Amino acid sequence: MDKVLKTLTLDYFGSGCHKVTASKLLSMDKAVFVDVRSMEEDETLSIRLNHHKGIIFKHIPLDELPERLDEIPRDLFVGLFCPANIRSTIALVYLLYKGYKQV
């Protein structure tokens, strides 16, 4: 974890390299889109990417991420979503810590 945290500097976050636009993600040939919002949030407003065949959609609430980590392919780009970017940033750090390279 120390190694991962040392890479998350102001320069890293300031450069925006940890972000991807929706249009860029959806234009990829193959990627994973992980919604880390709660079950209640998903039940209120669901995201489905039925018309984007190259995008694998997963709804994995942040608190379920450790138990469901094997559902996220390691060989594809992973885009994370939550409305305020707090849970997605936590998920970003966790996935980097677990060895994911393209998050």
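The values are calculated or read from the model by the stated rules, or taken from the named source; none is laboratory data. Remember, it's a predicted structure, so these values are computed and weren't measured experimentally. Accessible surface areas use protein heavy atoms only, side chains included; no ligands, DNA or RNA. Shrake-Rupley method; radii C 1.70, N 1.55, O 1.52, S 1.80 Å.
From the phi angles alone, apply the Karplus equation (6.51, -1.76, 1.60; θ = phi - 60°) to segment 38-50 and give each ³J(HN,Hα) in whole Hz, x where the residue is Gly or Pro.
With coefficients 6.51, -1.76 and 1.60, one gets 5, 4, 4, 5, 5, 5, 6, 9, 8, 10, 9, 10, 4 Hz.
Taking all protein chains in place and a 1.4 Å probe, what share, in percent, of the accessible surface of the chain do carbon and sulfur account for? If you can, show how the numbers build up before the last one.
Details: 3670 of 6600 Å².
Answer for the chain: carbon and sulfur cover 56 percent of the accessible area.
Skip the ligands, DNA and RNA, and give the accessible area per residue of the chain with a 1.4 Å probe, whole Å².
On the way: 6600 Å² over 103 residues.
Here the residues of the chain average 64 Å² of exposed surface.
For segment 88-94, in order, what is each residue's ³J(HN,Hα) by Karplus, 6.51 cos²θ - 1.76 cosθ + 1.60 with θ = phi - 60°, in whole Hz (x at glycine and Pro)?
The phi angles translate into 5, 5, 4, 5, 4, 4, 4 Hz.
Would you list which lysines come within 29 Å of K53, measuring only between C-alpha atoms, while excluding same-chain residues fewer than 8 positions from it?
Within the straight-line cut-off, K53 pairs with K19, K24, K30, K98, K101.
Which Rg and Dmax, in Å, describe the Cα atoms of the chain?
Reported Rg and Dmax, both Å: 13.4, 40.
Could you check how many percent of all C-alpha pairs in segment 60-100 are farther apart than 14 Å?
Working: 351 of 820 pairs.
Tail of the P(r) past 14 Å holds 43 percent of the pairs.
List the relative contact order of the chain as a percent without decimals, with contacts defined as Cα pairs under 8 Å and 6+ residues apart.
The normalised contact order for the chain reaches 32 percent.
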